[in-house]
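Following: one structure in structure tokens, then a few remarks.
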Amino acid sequence: MMSGLGMRSPRTGALLWLLVTVIAIGSGLQKNSVVVDGALGVNWGTISNNPLPPGYVAQMLRASNLTKVKIFDSDFSVIRSMAGEDIEVMVAAPNDLLAELASDPSVAVDWVTQNITQFLFTPGGVNIKWVAVGNEPFLTAYNNSYVNTTFPALQNMQNALNQAGHSEVRAVIPFNADVMANNGSLPSTSSFKSEYLPQLRQILSLLNSTGAPFIVNLYPFISAFQANGNFPIEYAFFDGTTPVTDGNYIYYNELDASYDSLVVALAAEGYPNMPIVLGEVGWPTDGTALANNSLAQKFNQELVDHFLSGKGTPRRPGIELEGYLFSLLDEDAKSVAPGPFERHWGIYYYDGTAKYELNLAGPNLNVLNTLVNAVNPPYMAPMYCVLASGNIDLTNLTENTKYACTYADCTDLLTGGSCSNLTTEAMASYAFNSYFQAQNQNSAACDFQGLAQTTTQDPSQGTCKFNIGLQHFSPSSASRSFMVFSFLPLLISAFVTSILLVST
């Protein structure tokens with residue numbers, strides 16, 4: 001049984017979709033002895049209050065032999081950190097630049113000069129291979145805002161790359177799976193949505209002329225999350241217990257079926273052999289019951305094994321699959337409108353500590369290849385903000401907890417989250433500390449109308465970890481374009497209220 005190819009808002013929606021790379025993670029500091037396959041990559045996002053500085057991340061990538069990275073902008077410090085490294089990089093021009101890129105070719109020329117040329121010729125050089133023009137620009141939630149500017153922006157970007165002598169750098173577009181029509185549950189019935197065909201046909205022609213791949217972001221987790229128990233969870237993994245027959249093809253997991261749905265759609269448009277790259281895929285670890293370390297470890301390990309098995313998919317057997325795992329690090333400042341799990345996609349916690357161990361070497365090698373933790377992350381002082389001790393008036397506790405969670409990350413407190421079993425008072429302490437760290441441990445940020453106090457004693461309990469923030473680092477340019485929902489403050493307020501009601 002397969003779910004439909006429905007729309008999703010940013011990183012949400014029914015994704016019958018599929019496959020990507022995977023990375024293994026561990027806690028050792030010794031450099032791995034196995035070179036990671038070039039088809040494997042990872043997304044590196046920086047929507048965090050205090051993201052891990054790029055130098056630390058570059059060290060992690062180097063020590064782990066990860067050789068492909070996809071970022072969501074053209075941040076100078078992030079790109080520069082990969083100079084001289086054997087890392088293939090995809091940079092991006094955000095959606096809000098598409099109109100300018102489409103209307104004025106000189107904008108693309110200037111962008112390439114500033115964001116490509118200077119890095120290619122930086123001492124040591126940065127191996128930039130791809131330029132993503134927008135991110136999911138046809139997303140249904142964007143209400144066609146970018147549909148008519150995406151192709152001319154792509155065309156002007158590739159022309160600018162060629163004119164600058166960088167024809168080896170290809171312009172691409174990461175699409176959301178909702179460019180596909182919901183024709184049924186089988187890959188053989190798949191096609192692109194008819195309303196997008198005029199633009200997609202131009203895009204496909206240009207991609208084909210440059211040898212660039214079709215990139216799509218796929219999330220099996222979303223299918224399971226949105227189905228509310230009506231989706232066979234084993235089909236999101238690789239257990240092979242729920243086969244689906246499509247003519248001569250048998251599918252044992254959603255990833256293969258989703259990938260082949262795109263194969264069918266591309267073939268119908270005359271591109272049966274166009275390369276496919278999975279721009280994003282992963283499994284989150286917090287914020288809801290399905291998002292936990294155990295399921296994420298299971299999904300990613302099985303995905304690594306499947307990916308490196310060399311089997312391909314039923315319609316593309318033996319073809320090397322390529323893509324990028326989402327994501328490298330947790331991002332605590334992302335919008336929670338798609339779901340509270342949005343801030344927990346990382347295979348690393350915010351500080352570069354691996355969440356669980358995976359063997360990146362896959363099933364065929366008798367070796368262990370794990371990701372390496374960040375070395376000596378730049379933590380702030382070992383200080384926490386918690387509910388004050390003693391006889392205090394708790395009348396305004398709910399109000400102050402709501403305030404803290406409006407401006408800091410409290411998604412771990414939601415039902416099913418790693419901190420959902422705390423008492424009301426402990427939840428308030430968690431919220432206060434989250435806000436305090438986001439405010440760079442400013443003493444004025446630990447008051448809450450006299451309800452809070454600082455402490456050097458770690459208040460973590462069981463699976464619930466109270467974090468110490470990282471020293472402030474601000475990316476030098478705007479990070480990835482993402483949806484900002486006008487109802488977000490109301491959503492957070494309702495979310496915090498529900499937390500407190502459940503725990504009382």
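The values are calculated or read from the model by the stated rules, or taken from the named source; none is laboratory data. Just so it is clear, the model here is predicted, and its values are computed rather than measured. Because the Cβ atoms are built from the backbone with ideal geometry, glycine has one as well, and the counts that use them run over all protein chains shown. Keep in mind that these areas ignore ligands, DNA and RNA; they rest on the heavy atoms of the full protein, side chains included. Shrake-Rupley method; radii C 1.70, N 1.55, O 1.52, S 1.80 Å.
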Theoretical FRET efficiency, 1/(1+(r/R0)^6), r = Cβ-Cβ of Ser145 and Glu399, R0 51 Å, to 0.05: 0.85
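Working out 0.36 nm times the residue gap between Ile233 and Gln457, then minus their Cα-Cα distance, what length gain in nm do you get to one decimal? Before the final figure, lay out the partial values.
On the way: separation 224, 0.36 × 224 = 80.64 nm, distance 4.04 nm.
Length gained between Ile233 and Gln457: 76.6 nm.
In the range 341-418, what is the volume of the convex hull around the alpha carbon atoms, normalised per residue and reported in Å³? Please list the in-between numbers first.
Values: hull volume 12.5 nm³, N = 78.
Dividing the Cα hull volume of the range 341-418 by its residues yields 160 Å³.
Which entries of Lys129/Lys465; Lys193/Lys402; Lys68/Lys298 have Cα-Cα distances beyond 32 Å here? Before the final figure, lay out each step's value.
Working: Lys129/Lys465 39 Å; Lys193/Lys402 42 Å; Lys68/Lys298 23 Å.
Violating the 32 Å limit, Cα to Cα: Lys129/Lys465; Lys193/Lys402.
Express the relative contact order of the range 149-215 as a whole percentage, based on alpha carbon pairs under 8 Å and six or more residues apart in sequence. Write out the running numbers ahead of the final one.
Values: 48 pairs, mean separation 23.1, N = 67.
Result for the range 149-215 is 34 percent.
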Evaluated over the range 142-282, the Cα radius of gyration and Dmax, each in Å: 16.8, 53
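Express in % the proportion of alpha carbon pairs of the chain at distances exceeding 44 Å.
Working: 16729 of 126756 pairs.
Roughly 13 percent, rounded to a whole number.
Counting pairs of alpha carbon atoms under 8 Å apart in space and at least six apart in sequence, what relative contact order in percent does the range 38-103 give? It would help to have the intermediate numbers written out before the result.
Details: 60 pairs, mean separation 22.9, N = 66.
Taking the mean separation of contacting Cα pairs over the length of the range 38-103, I get 35 percent.
When the convex hull of the Cα atoms of the range 338-380 is projected onto a plane and the area is averaged over all directions, what value comes out in nm²? Don't jump to the answer; show the numbers that get you there.
Values: hull surface 18.8 nm².
That works out to 4.7 nm².
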Percent carbon-and-sulfur accessible area, the range 300-357, ignoring ligands, DNA and RNA, probe 1.4 Å: 49
Space enclosed by the convex hull of the alpha-carbon atoms of the range 380-437, per residue, Å³: 89
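Could you work out the percent of alpha carbon pairs in the range 274-356 separated by over 16 Å, rounded to a whole number? Mind showing how you got there, number by number?
Values: 1914 of 3403 pairs.
When all Cα pairs of the range 274-356 are counted, 56 percent exceed 16 Å.
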Rough spin-label spacing in nm, given labels placed 7 Å along Cα→Cβ, for Ala289 and Asp110: 5.3
Cysteines, the chain, no other Cys beta-carbon under 4.7 Å: none
Along the chain, longest interval not containing exposed trypsin sites (Lys or Arg not before Pro), exposed being DSSP loop plus at most 14 other Cβ atoms within 10 Å: 32-310
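Relative contact order of the range 277-384, please, whole-number percent, based on alpha carbon pairs below 8 angstrom and at least 6 residues apart.
Details: 164 pairs, mean separation 28.9, N = 108.
For the range 277-384, the relative contact order is 27 percent.
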Heavy atoms of Phe237 accessible to a 1.4 Å probe, total area in Å² rounded to 10: 0
Rounded to the nearest 20 debye, dipole of the chain from Cβ charges on Lys, Arg, Asp, Glu: 400
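Diagonalise the Cα gyration tensor of the range 65-124 and give the resulting equivalent ellipsoid semi-axes, square root of 5 times each eigenvalue, largest first, whole Å. Spell out each step's value before the answer.
Details: eigenvalues 112, 35, 12 Å².
Sorted largest first and rounded, they come to 24, 13, 8 Å.
How much area per residue is accessible in the chain when the probe is 1.4 Å and only protein heavy atoms are counted (Å²)? Walk me through the intermediate numbers first.
Working: 18740 Å² over 504 residues.
Value returned for the chain: 37 Å² of accessible area per residue.
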